[in-house]
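**Q** Would you mind keeping the following structure in view while I ask a few things?
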């Protein structure tokens, strides 16, 4: 749960990309157990101060691109990663005025349900 905090991408430097949750996983490594993200993520009262952005900045993302190769159904994870099912967002302020998006890798996170109040 992320509650009542401020997110300042790159400590105020010019940003071209901002993601709240970062990670990396190819799905090719056997850790000996199944890897999971939290089933549900709740974000309440978050302020994203992304006013200092580059001209190509599309707005903040919830998840960074965890696996740049996983862009369609042909990619095979030998050891699948169980991703988040739901993200609930309430009282979100984005100072740039840009909309929040799920990820720069929409295919990998295509099943995540995002609700925003």
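The values are calculated or read from the model by the stated rules, or taken from the named source; none is laboratory data. Treat the numbers as computed from the prediction; the structure is a model and nothing was measured. Ideal geometry is used to build each Cβ from the backbone, glycine not excepted, and the neighbour counts take in all protein chains shown.
**Q** Given the conditions (1) free of Cβ contacts under 8 Å to residues at least 40 places away in the same chain; (2) surrounded by 15 or more Cβ atoms within 10 Å (Cβ to Cβ), and given that residue 32 satisfies all but one, which numbered condition is not satisfied?
**A** (2)
**Q** When you go through (1) surrounded by 13 or more Cβ atoms within 10 Å (Cβ to Cβ); (2) modelled with pLDDT of 95 or more one by one for residue 111, which number turns out not to apply?
**A** (1)
**Q** Going residue by residue through the range 42-51, is there one that turns out to be over 20 Å from residue 113 (Cα atoms) and modelled with pLDDT under 80? Talk me through it step by step, then tell me what you get.
**A** Step one: filter the range 42-51 for residues over 20 Å from residue 113 (Cα atoms), giving 47-51.
Of the ones still in play, those that are also modelled with pLDDT under 80 are none.
No - not one qualifying residue is present in the range 42-51.
**Q** Restricting to the range 76-117, name every residue that is part of a loop (DSSP other than H, G, I, E, B) and touching a residue at least 60 places away in the same chain (Cβ under 8 Å).
**A** From the range 76-117, those part of a loop (DSSP other than H, G, I, E, B) are 76-80, 83-85, 91-92, 95-100, 104-112, 117; that's our starting set.
Residue satisfying the conditions is 104 alone.
**Q** For the range 46-75, name all the residues that are closer than 16 Å to residue 97 by Cα and either in a strand (DSSP E or B) or under 14 Å from the mean Cα position of the chain (by Cα) (or both). Show your work before the answer.
**A** So the first thing to find is which residues in the range 46-75 are closer than 16 Å to residue 97 by Cα, and the list is 46-62.
Within the range 46-75, 46, 47, 48, 53, 58, 59, 60, 61, 62 qualify.
**Q** Only one of (1) touching a strand residue (DSSP E or B) at 6+ places or on another chain (Cβ under 7 Å); (2) crowded, with 17+ Cβ neighbours inside 10 Å fails for residue 83. Which number is that?
**A** Condition (1) is where residue 83 drops out.
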